[in-house]
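The values are calculated or read from the model by the stated rules, or taken from the named source; none is laboratory data. Nothing here was measured: the structure is a model prediction, and the numbers come from that model. With ideal geometry, Cβ positions are generated from the backbone for all residues, glycine too; neighbour counts draw on all protein chains shown.
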Amino acid sequence: IRGAAETTIGFGPSLGMAAVPDAVIQKYEGSFFSFIKGALGGDLQTLAGGPLFLLLAKYYQVHGPIFNLSFGPKSFLVVSDPVMARHILKSSPEQYCKGMLAEILEPIMGDGLIPADPKIWKVRRRAVTPGFHKRWLNSMIDLFADSADCLADDLIMKSQTKETVDMEERFCSVTLDIIGKAVFNYDFGSVTKESPIVKAVYRVLREAEHRSSSFIPYWDLPYADQWMGGQVEFRKDMEMLDNILAGLINRAVETRSEASVEELEEREVGEDPSLLRFLCDMRGEDLTSKVLRDDLMTMLIAGHETTAAMLTWTVFGLSESDPGLTKEIQAEVRTVMAGKDRPTYDDVFKMKKLRYALIEALRLYPEPPVLIRRAREEDTLPAGGSGLKGGIKVLRGTDIFISTWNLHRAPEYWDEPEKYDPTRWERPFSNPDIKDWLGYNPEKISSQFLYPNEIAADFAFLPFGAGKRKCIGDQFAMLEASVTLAMLMNKFDLTLVGKPEDVGMKTGATIHTMNGLNMKVSLKSEEIPETNDWWAQQHLSRGFSVNGRP
Ligand code: HEM
């Protein structure tokens, strides 16, 4: 499609459209065997011969920031351009909805915030947002710290027996325990024990991931949940989780103490700090409908492995970087936390290097690596970096993948894009070749956020999405991960077992390691490590001043 005066792209199989774009990439690059296996299993990942986002990255290098990808009956418009992404994500949720993602997630999340259609979403987003108020977030810090303490106790034992620890698994357990408490005041206790409920949560998560990378809706086959191995198990798992949720919701309803949003925000958090408590007590909330269940289930799934993945890839990034980087962050953590065993909200704010280390992991490993939308009306995308005059017409019904993986790793938008380098967030970056892209400007980082957000990078960085359907838990996740990592770095040294290449990568909704993040843990004295201004050196060696100014 390069060089065309105006380009029309669009597929609307569900709407019976037959528009054929100039570039339909039907080339399949895996082996014949894996193609057949993928087709039978209906699994895009197998079809692609590996994680789908890696295939999209390969095509991006050949075909540029916008191309069509067809897999059998399915077609997607793949966008890897900040100007186009900005246009799509800032358009109204009515213009671009969640499309196939909603269809896939509906059996699990119902009408929860992620899959909700624009009409329901509007009502629910307005209801749920106040639950994430500043006071509540502040009170969550103790919950994060209690869970990190639990993890630390376990790591102390492992350090004594010199056992190898799979930190990815540990982070998943910690974040599951946190989200259980934060969302419905339920203790999964997964850091310390295995339970059938925890296993059910993980099986449901894996099924959700498998569905999101499948192009045959095998779960819709007649009576699939009665005869199809995995689907029977899935139904039973969902029944188990639904029963638990129903019990928790009923308990909260029975003890309801109705109040206005303002009163709730002022109220002492007390014994039950959960979102369920907040929503249940909120005047006007309809407790008879299913939406409360759907929103809570959505948050359990959305807020758990995403944060675990950010922690996992941060620890991985640090372990493969120059040791000077870890020392700098440890020095920062220990200076800020001197004499304390847990950080406060203000402490997290002061630990800038630690937060940049976390957000840098989301640049290299965005969770999820693609955002999915469907055009509900015809539209014209701006040309962005494609050089296409007159923009790109998108037909109604077109399924779109915004590849955050490609955006976050493109040399057009990042200096040394493949390098894990948390210091980059202090240096500006621009590219006059990309029309209408303002570049990355650290001075635009809002003091309201704990991270450089999409505005500072003018949509080349979308760690929590953007626009109206941006993540509702971004600050929660940043606080949670910062407290957890700070408490670990305050006490322990973590050393990767084996080579970085052994860790591998696989994907579903989030990017997991292939073989776990195996590490040796050792207790560290809490004194502040000596540093030789390693961080500042990174700026100086690239021609910037010590604080990252040009
Ligand atoms: C939406 C990422 C943590 C709840 C999103 C989106 C992204 C994202 C990229 C936008 C999806 C889209 O545009 O299609 C992340 C990452 C996290 C994280 C990387 C952790 C590092 C959380 C947490 C919660 C949460 C902790 C809840 C406690 C949600 C919800 C939505 C969402 C409810 C849907 C928002 C809407 O459509 O109104 N998240 N998330 N997320 N996230 Fe998160």
**OP:** Being near the ligand (Cβ under 9 Å from one of its atoms) and part of a helix (DSSP H, G or I) is the filter; apply it to region 111-151 and report the residue that is nearest to F76 (Cα to Cα).
**Re:** W121
Original post:
away from the ligand (no atom under 15 Å from the Cβ) and either β-branched (V, I, T) or over 23 Å from the mean Cα position of the chain (by Cα) (or both): does that describe L325?
Top reply: yes
**OP:** Give the residues of region 80-110 that are closer than 13 Å to T298 by Cβ and not in a helix (DSSP H, G or I), sorted by residue number.
**Re:** K98, G110
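Every residue, every condition in (1) modelled with pLDDT under 95; (2) within 16 Å of the chain's Cα centre (by Cα); (3) away from the ligand (no atom under 16 Å from the Cβ), yes or no:
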site: M299; (1), (2), (3): yes, yes, no
site: F316; (1), (2), (3): no, no, no
site: V336; (1), (2), (3): no, no, yes
site: K340; (1), (2), (3): yes, no, yes
Subject >> Filter result for E163 (more than 30 Å from D272 (Cβ to Cβ), within 16 Å of the ligand (Cβ to nearest atom) and of a type outside the set (S, T, Y)) >> reply: no
**OP:** Confirm whether L176 is under 29 Å from F53 (Cα atoms) and at pLDDT below 85.
**Re:** no
**OP:** Could you please find all residues in region 356-373 being more than 11 Å from the ligand (Cβ to nearest atom) and either more than 12 Å from the chain's Cα centre (by Cα) or outside any helix (DSSP H, G or I) (or both)?
**Re:** Y356, A357, E360
**OP:** Run down I141, I104 and say which single residue is surrounded by 17 or more Cβ atoms within 10 Å (Cβ to Cβ) and either closer than 22 Å to V204 by Cα or of a type outside the set (V, I, T) (or both).
**Re:** I104
Original post:
Which of (1) crowded, with 24+ Cβ neighbours inside 10 Å; (2) hydrophobic (A, V, I, L, M, F, W, C); (3) at pLDDT 95 or above does A410 not meet, given it meets every other one?
Top reply: (1)
Original post:
Out of curiosity, is D177 surrounded by 17 or more Cβ atoms within 10 Å (Cβ to Cβ) and acidic (D, E)?
Top reply: yes
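Can you pull out the residues in region 521-541 that are of a type in the set (D, E, K, R) and either surrounded by fewer than 16 Cβ atoms within 10 Å (Cβ to Cβ) or in a helix (DSSP H, G or I) (or both)?
Those that are of a type in the set (D, E, K, R) and either surrounded by fewer than 16 Cβ atoms within 10 Å (Cβ to Cβ) or in a helix (DSSP H, G or I) (or both): E526, E527, E530, D533.
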Original post:
Can you name the residue in region 452-511 that is within 16 Å of K90 (Cβ to Cβ) and among the charged types (D, E, K, R) and, of all such residues, is farthest from the ligand (Cβ to nearest atom)?
Top reply: D458
**OP:** Note down all Cβ pairs under 7 Å where the first residue falls in region 376-394 and is in contact (Cβ under 8 Å) with a residue 12 or more places away in the chain and at negative phi, the second is crowded, with 16+ Cβ neighbours inside 10 Å and of a type in the set (D, E), and they're at least six residues apart or on different chains.
**Re:** G385/D81; G385/E412; S386/D81; V394/D379
